[in-house]
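The values are calculated or read from the model by the stated rules, or taken from the named source; none is laboratory data. All of these numbers come straight from a predicted model, not from anything done at the bench. Here Cβ is always computed from backbone atoms with ideal geometry, including for glycine, and neighbour counts include all displayed protein chains. When the accessible area is computed, the model is the full protein with side chains, heavy atoms only, and any ligands, DNA or RNA have been set aside. Shrake-Rupley method; radii C 1.70, N 1.55, O 1.52, S 1.80 Å.
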Amino acid sequence: MEDADQVRSYNLDKLDRSAEEDRLAVQARAALAMELAYLQRLGLPADATLVDVGCGPGLLSAELARLAPHGRVIGVDADPKLLDLARSRCAQQGLSHAEFVQAWADNTPLENDLADLSYARFLFQHLPKPLDALREMARIVKPGGQVMIVDTDDGGLLVDPPVEGLAQMLAGSHMGQAARGGDRHIGRKLRRYMHAVELVDIRLEVVPFTSDMVGMRIFADICLGFKAQVVPTDHMSPEAVQETLQRVYALADDPGAWGQTLAYVATGRVA
């Protein structure tokens, strides 16, 4: 296998692990209602087999297990520490039909035609070869089953009033993530990618996520917390990045301030 540090833009061991695990949990809770609404719309049977690709600490895996109480949920992630958290979470909630596998998204040990649904949330922005991962997600789904991806696209990220340094920080995060193989503009490409791997009945919908929903501080943590950690130091100093974040946080005291990002929900069916 290729060296993961060279081919993946997301390496938790190179970030502030504690802060990033907290951010992942906050992000999962903030997006949960939206995700569950789309999942329920798929009409998944209670005995479905569901695969959570890039499951992280298992917050959504647990919800999938509740959606399919008589089925099987398989969480897949490359990080063993996150998988330990996922196993512990599901065990504590009595979700014995959830299991977890350590693997990369584009190379899992799962068999062909296994699942009714394969699902990836906020994963594809980190993948240097998203089509390979999408082919793998389609491979493990039985004919007639669904592939679903939720991700974002920084083209829809807005903060008002303008914040000094924010445009520079965002440009730096794009550079830093692209250098690691990631893509901050993945959302707009998901329909094209699904078509390329020959999924059918493809839908791509856009859902707004705003600071009015969670408050400016939490909005900034979710939307900027990871970005701030990947800005190249030769583009913007860590001190300048932190000063920019503090200016965004200060907007929490401005009743006229507002922030927006967009979630892209893509679904396709395996023919």
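Summary of values
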read-out	value
Region 253-270: number of residues that are part of a loop (DSSP other than H, G, I, E, B) and either at pLDDT below 95 or in contact with a helix residue (DSSP H, G or I) (Cβ under 6 Å, 6 or more places away or on another chain) (or both)	2
Test for P57: is it buried (at least 23 other Cβ atoms within 10 Å of the Cβ) and not in a strand (DSSP E or B)	yes
Neighbours by Cβ (under 7 Å, 6+ apart or cross-chain): first from region 39-62, charged (D, E, K, R); second not in a strand (DSSP E or B)	D47/A68; D47/H70; D47/G71; D52/L60; D52/S61; D52/L64
Region 226-239: number of residues that are crowded, with 17+ Cβ neighbours inside 10 Å and not aromatic (F, W, Y)	6
From the options A271, A266, A196, A252, residue that is in contact with a strand residue (DSSP E or B) (Cβ under 6 Å, 6 or more places away or on another chain) and open to solvent by 30 Å² or more (accessible area, probe 1.4 Å)	A271
Residue list for region 108-131, restricted to those being open to solvent by less than 40 Å² (accessible area, probe 1.4 Å), more than 18 Å from the chain's Cα centre (by Cα) and over 12 Å from V76 (Cβ atoms)	D116
Every residue from region 199-220 that is at negative phi, among the acidic types (D, E) and open to solvent by 80 Å² or more (accessible area, probe 1.4 Å)	D212
Residue tally, condition at pLDDT 95 or above, under 22 Å from D234 (Cβ atoms) and among the charged types (D, E, K, R), over region 156-181	1
Single residue of region 84-104 satisfying the filter (out of contact with any strand residue (DSSP E or B) (no Cβ under 6 Å at 6 or more places or on another chain) and of a type in the set (G, A, S)) that is nearest to A115 (Cα to Cα)	S96
Per-region count, region 132-187, residues open to solvent by less than 20 Å² (accessible area, probe 1.4 Å), touching a strand residue (DSSP E or B) at 6+ places or on another chain (Cβ under 8 Å), outside any helix (DSSP H, G or I) and of a type in the set (G, A, S)	1
Complete set of residues in region 218-237 that are in a helix (DSSP H, G or I) and either touching a residue at least 60 places away in the same chain (Cβ under 8 Å) or within 13 Å of L166 (Cα to Cα) (or both)	I218, A220, D221, I222, C223, L224, G225, F226, K227, A228, Q229
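Residue-wise test of (1) open to solvent by less than 10 Å² (accessible area, probe 1.4 Å); (2) modelled with pLDDT of 95 or more; (3) among the hydrophobic types (A, V, I, L, M, F, W, C); (4) touching a strand residue (DSSP E or B) at 6+ places or on another chain (Cβ under 7 Å).
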{"site": "L32", "(1), (2), (3), (4)": "no, no, yes, no"}
{"site": "G43", "(1), (2), (3), (4)": "no, no, no, no"}
{"site": "T49", "(1), (2), (3), (4)": "no, yes, no, yes"}
{"site": "L64", "(1), (2), (3), (4)": "yes, yes, yes, yes"}
{"site": "H70", "(1), (2), (3), (4)": "no, yes, no, no"}
{"site": "I74", "(1), (2), (3), (4)": "yes, yes, yes, yes"}
{"site": "K81", "(1), (2), (3), (4)": "no, no, no, no"}
